[in-house]
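We did not get these values from a lab; they are worked out from the coordinates using the rules stated. All of these numbers come straight from a predicted model, not from anything done at the bench. Virtual Cβ from ideal backbone geometry, glycine too; neighbours counted across all protein chains shown.
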Amino acid sequence: MSDTGRDALLQRLRETRHVPVLIVGGGINGMGTFRDLALQGVDCLLVERGDFCSGTSRAPSRMIHGGLKYLETGEFRLVRESAEERNRLLRNAAHYVHPLEMIIPIYSWTAGILPALRRFLRRPAKLTERGAAVIKLGLTLYDIYGRLNRVMPRHRMIRREDALREIPDLDPRIRIAASYYDAWITSPERLVVELALDGMEANPANMALNHVSFDGIESGRARLRDVMTGEIFLVGCDLMINAAGPWIDRVNAAAGEKGRMIGGTKGSHLLLDLPVFARSLEGRMMYFEAEGGRICLVSNFMGHVLLGSTDIPTEDPDGVVCTDEEVDYLLDAFRRIFPEVAVTRDHIFFSYAGVRPLPAQDASDPGAISRDHSMPVRPASPGRGFPILSLVGGKWTTFRSFSAGVTDAALSCLGRERRRTTEELAIGGGTGLSQGTGDAEALLSELAATGLSRGRAARLLACYGSRARLIANAFRGPETFLTHLPEVSHEELAFIARHEVVHGAQDVLFGRGALFLERPLPRAALSELVRALAGILDWDAGRIAREEESLIERYRRHHRIGFDAEGMPQFV
């Protein structure tokens with residue numbers, strides 16, 4: 001295994017004067033491109049000013065979907081691409097991406113026909129309610145676009161009586177319901193990290209570094225800065241790829257390019273501690289209309305309720321949080337569809353928000369802005385001897401196809417040929433796994449043969465897929481588990497901290513798995529995590545205090561979670 005600890009990568013960066021490709025931004029599109037270029041034998045450097053997947057890519061509804069609502073605006077190519085890429089992810093990332101039944105409660109038979117027709121014809125129209133006729137037509141088309149390599153059932157319409165029997169808490173005023181299948185992702189954070197590790201394994205000359213910012217151009221080269229220490233690196237390149245998401249315009253401005261490419265909208269989500277209701281969903285996601293026609297989602301996420309999302313135009317991607325107005329909007333939407341479920345702010349144990357990097361447009365309806373992607377190029381200029389290719393738009397589901405297009409453009413710029421495709425290439429721990437149970441059972445038996453209990457093997461498999469082999473093989477003797485985080489062992493943390501480009505405790509908790517969303521975490525768990533990492537990474541007392549304070553501040557500032565006198569989390 002190559003050394004992918006952050007200190008080792010920084011040392012290599014100190015010795016680097018030039019790379020063919022510099023990628024700025026470590027979200028899903030930037031990292032997908034990083035891996036694809038590595039597979040073509042192109043040396044490249046990726047830098048991310050925060051942790052990998054720390055911006056937009058870490059704040060999704062955790063859906064991998066074909067884009068049902070894009071049919072309303074006639075974006076058939078995007079729907080086809082999305083459905084095909086969803087099916088590919090079900091195969092290539094079977095450890096994190098799984099089929100998910102979607103249930104649409106419907107209150108009318110005919111509502112929305114005229115507005116839907118106007119939107120389909122690219123005419124202005126506000127679609128505030130969708131009736132059974134509109135939804136049936138849309139789902140029929142959706143099935144057609146998802147027919148390539150079909151892996152999931154076709155849609156079905158559900159009688160009111162059957163829907164209420166299957167989901168007793170559902171609003172009894174519905175007329176009918178619809179069911180179709182998309183997919184969900186358990187840990188987008190880890191998938192992005194695995195793309196980074198795959199890229200560095202495919203081409204050991206490549207480096208993906210977090211907490212390194214692009215600060216502009218100096219002496220014709222990119223000026224990079226270690227955010228943690230202030231150390232400066234000057235690196236030349238033949239092509240720069242701007243994958244900074246909502247911050248694309250700022251990165252371009254730092255490189256001397258003016259103009260507006262991005263006009264983002266904020267989406268916020270709540271995690272609700274409602275385990276009894278979550279169990280009643282039985283692996284289904286509710287896809288329903290809130291006030292004004294905005295689509296909201298409710299799902300069982302690891303035993304709790306995930307509720308989202310909003311769609312609010314914003315000009316500032318820094319420091320976005322779920323506001324009181326958004327909390328009220330989401331809880332009101334929930335109460336409308338589940339009127340008998342008692343839900344209050346006291347049930348919120350986590351919230352998060354992110355900015356969708358949509359193309360800059362002046363639109364009265366943010367939901368109508370295209371989710372398609374593009375890659376405008378700014379040519380080299382005096383003082384900057386390399387062009388900049390910006391990744392505008394896009395979404396989680398289509399990252400592979402977007403990255404493939406970007407890679408092809410980069411190869412053309414460099415005068416090189418593509419060596420291999422990524423269409424059927426498994427990602428990270430998805431190697432050797434499928435949606436069937438056979439592969440997982442074989443791996444469980446293999447892990448159990450190393451001395452792990454079946455329950456522990458199942459946990460490692462769910463968290464890491466086939467990469468669980470590497471982690472289990474790194475153990476020497478029995479594991480020592482944390483008291484307040486009994487899902488995690490010191491040995492597991494040591495492997496992550498040393499091999500997955502970790503700087504601090506935030507990287508581990510929020511960027512190397514989904515533990516922070518699995519349940520409410522007490523303050524004692526955060527303290528214990530920091531002290532465990534301190535023993536692994538040789539932190540002194542001052543560093544321990546700073547790391548613990550940074551976790552607590554992160555919870556308060558970004559997720560609106562404080563801790564009461566007993567150290568239990570509470571929404572503030």
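Kindly state, to the nearest 0.05, the FRET efficiency for ARG476 paired with GLU291, given R0 = 45 Å and r defined as their beta-carbon distance.
On the way: r = 57 Å, r/R0 = 1.26.
The value I calculate is 0.20.
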Taking the Cα-to-Cβ direction at ARG123 and at ARG420 and moving 7 Å from each Cα, how far apart do the two end points lie in nm?
5.2 nm
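Can you give the calculated 222 nm mean residue ellipticity of the chain, where each DSSP H run of n ≥ 4 adds -39,500 (n - 2.57) and the sum is split over every residue, rounded to the nearest 500 deg cm²/dmol?
Working: 19 runs with 211 residues, N = 572.
Estimated from H runs of four or more residues: -11000 deg cm²/dmol.
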Show me the ranking of peptides 405-414, 441-450 by mean Cβ neighbours inside 10 Å, starting with the highest.
405-414, 441-450
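Note down the net charge around PHE277, summing +1 for each Lys or Arg and -1 for each Asp or Glu among other residues with Cβ under 13 Å from its Cβ.
Details: positive: ARG279, ARG284, ARG335; negative: ASP169, ASP273, GLU282, GLU340.
Combined, the nearby Lys, Arg, Asp and Glu give -1.
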For the charge dipole of the chain, defined by +1 on Lys and Arg C-beta atoms and -1 on Asp and Glu C-beta atoms about the Cα centroid, which residue among HIS269, GLY259, SER179 has the Cα displaced farthest towards the positive pole?
SER179
Once fully extended, how much extra length lies between ASP7 and GLU340, figured as 0.36 nm per residue of separation less the alpha-carbon to alpha-carbon distance?
114.5 nm
The chain, dipole about Cα centre (Lys/Arg Cβ +1, Asp/Glu Cβ -1), debye to the nearest 20:
1560 debye
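Taking 0.36 nm per intervening residue step and subtracting the Cα-Cα distance, what contour gain separates ARG77 from HIS490 on full extension? Mind showing how you got there, number by number?
Values: separation 413, 0.36 × 413 = 148.68 nm, distance 4.77 nm.
Roughly 143.9 nm would be gained on extension.
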Would you be so kind as to identify which of THR437, SER374, LEU425 lies farthest towards the positive end of the dipole of segment 337-448, taking Lys and Arg as +1 and Asp and Glu as -1 on Cβ and the Cα centre as origin?
SER374
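Taking every pair of Cα atoms in the chain, average 1/r, invert it to obtain the Kirkwood radius, and report Rg/Rh to two decimals. Each step should come with its number before you reach the end.
Details: Rg = 23.4 Å, Rh = 24.6 Å.
Rounded to two decimals, Rg/Rh equals 0.95.
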Order 267-280, 556-569 from most to least packed using the mean count of other Cβ atoms within 10 Å.
267-280, 556-569
The summed charge of the HIS304 Cβ neighbourhood (under 9 Å; Lys/Arg +1, Asp/Glu -1) stands at -1
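Taking the Cα centre of segment 412-478 as the origin, how large is its charge dipole in debye, to the nearest 20, when only Lys and Arg (+1) and Asp and Glu (-1) carry charge on their Cβ atoms? Each step should come with its number before you reach the end.
Numbers: 10 positive and 6 negative charges, 67 e Å.
Dipole size: approximately 320 debye.
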